[in-house]
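The values are calculated or read from the model by the stated rules, or taken from the named source; none is laboratory data. Just so it is clear, the structure is predicted and the values come from calculations on it, not from any experiment. Using ideal geometry, Cβ is built from the backbone for each residue, glycine included, and neighbour counts are taken over all protein chains shown.
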2 protein chains.
Amino acid sequence: MRYSDPVKRVRIGLLGVGTVGRSVARALVERRDVLSRAAGAPLVLQRAAVRDLSRERGVEPGVLTGDPRSVVQADDVDLVIEVMGGEEPARALIAEALQRKKPVVTANKRVIAWHGPQLAQLAAQRGVELRFEAAVGGGIPLIAPLTDDLAANRVLELRAIINGTTNYILTRMAAGETFESALAQAQKLGYAEADPGDDVDAVDAADKLAILVRIAFGLSCTPAQIFRQGVRGLDPQDLAYGREMGYALKLLATARRTNGKVEARVHPTFVSAEHPLARVDGPRNAVHVVGDLSGPVLFGGLGAGGDATASAVLADVTHVARRLALGDPVEPPRSSVENAELLPMGEVRTRCYLRLAVDDVPGVFAQITRVLADHEIGLASVIQREPATGPADVVLLTYAAHEAAFAQAEAELSRLPCTRAVRARIRVEEART
Amino acid sequence: MRYSDPVKRVRIGLLGVGTVGRSVARALVERRDVLSRAAGAPLVLQRAAVRDLSRERGVEPGVLTGDPRSVVQADDVDLVIEVMGGEEPARALIAEALQRKKPVVTANKRVIAWHGPQLAQLAAQRGVELRFEAAVGGGIPLIAPLTDDLAANRVLELRAIINGTTNYILTRMAAGETFESALAQAQKLGYAEADPGDDVDAVDAADKLAILVRIAFGLSCTPAQIFRQGVRGLDPQDLAYGREMGYALKLLATARRTNGKVEARVHPTFVSAEHPLARVDGPRNAVHVVGDLSGPVLFGGLGAGGDATASAVLADVTHVARRLALGDPVEPPRSSVENAELLPMGEVRTRCYLRLAVDDVPGVFAQITRVLADHEIGLASVIQREPATGPADVVLLTYAAHEAAFAQAEAELSRLPCTRAVRARIRVEEART
């Protein structure tokens, strides 16, 4: 299928003029030459929809409208950029644009995570492109490299720091700060929202992982199917113990092939201090991918911010615009369907870090190790700390076992007479490098 | 311009069946499904040229020939892969393939570094593609991300570890080993050739930097114009002093915009231990790019090896094959010509690390600082070490000054009566992060 005719210039309809939209609009004006060289035709901001017309946006007032549907429906718009965010009406607007045979570039992780496959199918039916480089990892090239540059590979493992807010929080907690204080600082710097739930409860990271596993593993799943645990309730004490043992704590999105299935999960993870991801600090993002030909490949950079996200949006825009300018056939969507299956979380194998508050009475270790042995969990090392007052801290590092075994063992440990509380259970992973 | 007709399968002619060629040939057979899905048509190894027909290659004997020109000229070859390496006859074969309207995928850094612009022009004239993702950084996606994914950016700075051999050597020297011993170990592990000149004298890195600056900065230069200094003669003592000061020593390929021109140079460089490149150890490669929209982006992975390089070659092959399978227009070459100019090395500003062997006599510091002051070189810090015997080591860390000033100062310092020798001058850079 071909776009009807080569176009002389590509007229853009922009949905949303917030942080990202403003950067996109500014770039379309300020770097007209760079973009038109890259796209093979001038890019023109034809229409832009904003929520509140009265606020100044740094966009020529003539193109502004308060009605996003009018942008999608306009005959003088060749390509739609959706950067309004949120699920609705963004999803409906993208669908309508595709229905009207307008290619769409979006930065919307929520919409792509939950509705990507259906929208991609619609795009294919209508013979137009739907691209979303900016939906994961902000300014870091990820979607295109995974799709195209690693096309010859079977991806064996993917480990990603794809939420800058939580990575910033964990970086501060590694320096001894509490979660609450680190979160407050993140909010002050604009790294976290007033309602930080999407970030700190790993909702955002699970959305992004759902997109990545679709592309890298051919696993079609919704974020709801991805095991997800955030960073609330983490104690800086555990980051300190972990460091003593040679580990850094990261909110890691992990996917890997195991027994013919694919694991996909997001949770706080101790990774070896030697792993490249251990050194990704502050609000930065990074994705570590192991292909069966390429070996390990690392992509890192800024996962958020207006300009960085605009860089990814405009890469997609120039890609689509080149085809519009040439009257080129639409890239056929990859029939990526491997029909990979998700491994149930209970069957995932990791090592674990456990911290128990116990009464300092004889036989404590015997009781603990018996519970672990009952579930075939081997013990790799133990640290015991005697506090000035209160119960003792016992820190255990285990060998690999199934998640289901850990869950049962944790419940039993918490019921032991000597146990005051299971203070922490954190998965520990030996990532490929 | 269009490829004549959509093809049902893409028939490949392979030039060279060495380490990379063997990996490519094996992948074409073993991962037929993955590749044909990615390419939109089956890929068939139609012909393969080897230097010595008598050696077993793991390639079906029926496709083997000892005459590479016959591969390029064959009517039943749709696409040529050149992985024989070296300048000639590889260049001539690529040119003949393009002349015959056959798209070419090559891993040949030497040919692309020295003849890339002419070959690209020929490819454009004949309406076919010339791709070379594998020429820099082995399995790391670099050329495509720089060309496409960062298309909206002006690249401000690029710093690269693009020679695995020297990075392995420097990693060992950082642990105290001598250059000679580290080189011997690299040779033993197959990281260095018997004649290691191309690697240790930075010839290879300069070739690759010439390719990168063309793509990232629109600077058209040959490797001969790039300032180049290798790792021979480095002393582990200097790596140790550097570490004390918070720096790691890397053979860094650097390009950046300065005063409307572009610097391009390869030399041992002290980078802050905090910079992501400081932690890239062993034979790995990494490229750190700062775009004016994207901010810093890091690409890392394996810079060499048969399978990693084959991963990049096959990414290019599937890209071209998709277009052949669709009867799609050829991607028009980007008119990237910014006409950027190369900044002469004398005008490059860096900080410097200097180590002098001096007689321990009164007035030494006064003499040294006077020379530096004469050339407007400010002194940031000084370490003096008293050896058990022999002359004292004086280590100086300067503020930024022009390369020309350092060259003159170094010459004058070496002529001071108190100076036994200038043992080392190593550039120190504050890279953007």
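In this structure, is A:Leu314 at pLDDT 95 or above and facing chain B (nearest Cβ under 7 Å)?
For A:Leu314, the condition - at pLDDT 95 or above and facing chain B (nearest Cβ under 7 Å) - is met.
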Checklist entry - Has the stretch B:6-23 got any residue that is in contact (Cβ under 8 Å) with a residue 12 or more places away in the chain, crowded, with 18+ Cβ neighbours inside 10 Å and polar (S, T, N, Q)? => result yes
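Keeping to the stretch B:356-379, report how many residues are exposed (fewer than 14 other Cβ atoms within 10 Å of the Cβ) and aliphatic (A, V, I, L, M). Quick ask: steps written out before the conclusion?
First, the residues of the stretch B:356-379 that are exposed (fewer than 14 other Cβ atoms within 10 Å of the Cβ): B:359-363, B:366, B:370, B:373-374, B:376, B:378.
Then keep just the ones that are aliphatic (A, V, I, L, M); that gives B:361, B:366, B:373.
Count: 3.
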Item to check | Options A:Pro223, A:Pro236: the member that is surrounded by fewer than 23 Cβ atoms within 10 Å (Cβ to Cβ), in contact with a helix residue (DSSP H, G or I) (Cβ under 7 Å, 6 or more places away or on another chain) and under 27 Å from A:Asp148 (Cα atoms) | outcome: A:Pro223
Checklist entry - Given B:Val83, B:Val50, which one is under 27 Å from the mean Cα position of the chain (by Cα), modelled with pLDDT under 95 and closer than 17 Å to B:Gly306 by Cα? => result B:Val50
Item to check | The lone exception for B:Ala144 - which of (1) crowded, with 24+ Cβ neighbours inside 10 Å; (2) within 14 Å of another protein chain (Cβ to nearest Cβ); (3) among the hydrophobic types (A, V, I, L, M, F, W, C) it fails | outcome: (1)
Checklist entry - When you scan the stretch A:149-169, how many residues do you find that are surrounded by 23 or more Cβ atoms within 10 Å (Cβ to Cβ), away from every other protein chain (no Cβ under 13 Å) and touching an Asp or Glu at 6+ places or on another chain (Cβ under 9 Å)? => result 7
Next on the checklist: Can you pull out every residue in the stretch B:284-311 that is in a loop (DSSP other than H, G, I, E, B), within 8 Å of chain A (Cβ to nearest Cβ) and surrounded by 24 or more Cβ atoms within 10 Å (Cβ to Cβ)?
Outcome noted: B:Leu293, B:Ser294
Checklist outcome for this item: Matching residues in the stretch A:94-129 (assigned to a loop (DSSP other than H, G, I, E, B) and of a type outside the set (D, E, K, R)) number 5
Next on the checklist: Whether any residue in the stretch B:21-28 is touching a Lys or Arg at 6+ places or on another chain (Cβ under 7 Å), at pLDDT 90 or above and charged (D, E, K, R) is what I want to check.
Outcome noted: yes
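Just to be sure before I move on: is A:Val104 outside the structural domain of A:Val231 (by TED's automatic domain parsing), in contact with a strand residue (DSSP E or B) (Cβ under 6 Å, 6 or more places away or on another chain), in contact (Cβ under 8 Å) with a residue 24 or more places away in the chain and not polar (S, T, N, Q) in the structure I sent? Talk me through it step by step, then tell me what you get.
Working: outside the structural domain of A:Val231 (by TED's automatic domain parsing): yes; in contact with a strand residue (DSSP E or B) (Cβ under 6 Å, 6 or more places away or on another chain): yes; in contact (Cβ under 8 Å) with a residue 24 or more places away in the chain: yes; not polar (S, T, N, Q): yes.
Yes: the conditions hold for A:Val104.
I'd like to check which helices (runs of 4 or more DSSP H) are fully inside the stretch A:169-283 and have at least 1 residues that are farther than 29 Å from A:Ala421 by Cα and at pLDDT 95 or above. Break it down into steps so the answer makes sense when it comes.
Numbers: elements: A:179-188, A:197-200, A:203-217, A:236-244.
Answer list for the stretch A:169-283: A:179-188, A:203-217.
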